[in-house]
Amino acid sequence: MNSDMDPNQTDKKISKELSYIQKVWQTVAIVALLVVVILIARIAFNVLLMILAGSLIAVYFHGLGDLIQRKTHLSRRPSMILSIAGSFIILAVLLWFMGTKIQNQIAVLTDSLPNTIAAARAKMDETPAGKKVLTYLSGDNSEKLFSTAQRFFSTSFGVLGNLYIILLLSIFFTANPSVYKNGILMLVPPSSKQLARTAMERISTALKGWLKGTMLSMVLISVLIATGLTIMNIPGALVLSLLTGMLKLIPNFGSMAAMVPGVLLALTVGTNTAITVALIYIISQTVVSNIVTPLIQKRMINLPPALTIISQVIMGTLSGALGIILAVPLLAILIILIDELYVKKITEKDPLFPEKF
C-alpha cells in the first residue's frame, strides 16, 4: 500500500492551514484595533465633550445672531459680531453690577456655614432616620463621599482650562461653521451624504430646542427662587438663586442638589421656615417644568426619563460634572443617529414595527 500523499492534497491542506492562520491573525488584529480605539476614546472622551460644549455655545451665538439679523436687518457678519461681543459685554456688566452684592452674600454664607451645619446636625440627631444618616456620613463613609465628590468635579485640564478651550472652540465654530460641517460630510460615502445631511439637520434642531429650553428654565427658576427666598428673608438669596439656575443645567439631580443649601440655611431660622423654603423650591421647579418642558419637547425628540437618568449616571462616572451637564444632548444625538441609521430602515421593511422616536 502506497503511503505517499497526493501532492494536490498536500497543497490543499497547506492552503487550508494558511487560510486558518490568516483568519486567526485577522481576528487578533481586529480585537487589538478595537482595544486601541476604546483606549483612545476613553482618554480623549473629555476632549470630545468639550467639542460638544463648544458646539452648543456656537449654536447659542448663531441663534442670537439670527434674532439680531431679523430685528435689525443687518448682514450676517455684523449680526454674528454683535452676538458674540454683546454676550460677553452683557455678562461683564452683570458681573460688575452684581459682583459686590454676590461677594457680600458669599461672605455671609461662609460665616454662617458652620452654624448651619451644626443646626442641621442637631435637628437630624432628634430623629432615628437622621441618626442613621449621621452615622453613615461619619468616619470612613465621609472620606469615601469626599473622594467621590472630588473625582466628580475633577477634569482633565482644570475648570478654567476647560472653560478657555470651550470658549475658544465655540468662537471658531461660530466664525466658520460650514468648514466643519463640510469636513464631516467629506468623510461620508457619496451614497450616504443625504442621510448625513438629514441627521445633522435633526441634531441641530434638537440641540437648539434643548439649549433654548434650558436657558429659559435657568432664568425663570433663578427669578422665582430669588423672589421667594427674599420674601422669606433667607440670607444669600441672590447667590442661592444663581446656584439653582446653574444647577438647572443638570436635569433630575440639579434641582435636588440646589434645594439642599437653601433648606439648611432656613433650618437655622426654624423648622417651619425650612418647610416653607422647601415648598418654594418644589413649586418653582413644578412651574418651570410645566412651562418649559412642553417647549423643549416641541423642538427635541422624546427622551425616556429612565434613559436620561442612566445616561447621566454613566456620563457622571466617566467625565464628572461636564459629563452630567452634557448627558441629555449627547443622548439626543445618539438616539437621532440610531433612528436615522437603523430604526428607519427597519420600519421601512416592517410596517408593524413600533413607532420610531
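Annotations for the structure displayed:
Conditions (1) farther than 24 Å from L64 by Cβ; (2) over 23 Å from the mean Cα position of the chain (by Cα), marked per residue:
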position	(1), (2)
S217	no, no
T230	yes, yes
G236	yes, yes
L240	yes, no
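Each row is one residue, and each column tells you yes or no for (1) part of a helix (DSSP H, G or I); (2) at pLDDT below 85; (3) farther than 18 Å from F172 by Cβ; (4) touching a strand residue (DSSP E or B) at 6+ places or on another chain (Cβ under 9 Å).
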site	(1), (2), (3), (4)
N46	yes, yes, yes, no
A53	yes, no, no, no
H62	yes, no, no, no
D66	yes, no, yes, no
S83	yes, no, no, no
S87	yes, no, no, no
I106	yes, yes, yes, no
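- Single unsatisfied condition, F253 versus (1) surrounded by fewer than 16 Cβ atoms within 10 Å (Cβ to Cβ); (2) under 30 Å from K181 (Cβ atoms): (2)
- Scan of segment 62-81 for residues that are hydrophobic (A, V, I, L, M, F, W, C) and crowded, with 20+ Cβ neighbours inside 10 Å, ordered by number: M80
- From L168, L185, L145, L160, residue being at pLDDT below 80 and surrounded by 10 or more Cβ atoms within 10 Å (Cβ to Cβ): L145
- Of all residue pairs spaced 6 or more apart or on separate chains, those with beta-carbon atoms under 6 Å, a first member in segment 161-182 that is touching a residue at least 60 places away in the same chain (Cβ under 8 Å) and over 23 Å from T198 (Cβ atoms) and a second member that is in a helix (DSSP H, G or I) and not hydrophobic (A, V, I, L, M, F, W, C) are I166/G54; L169/G54; S170/G54.
The values are calculated or read from the model by the stated rules, or taken from the named source; none is laboratory data. Since the structure is predicted, the reported quantities are computational estimates derived from the model, not experimental observations. Here Cβ is always computed from backbone atoms with ideal geometry, including for glycine, and neighbour counts include all displayed protein chains.
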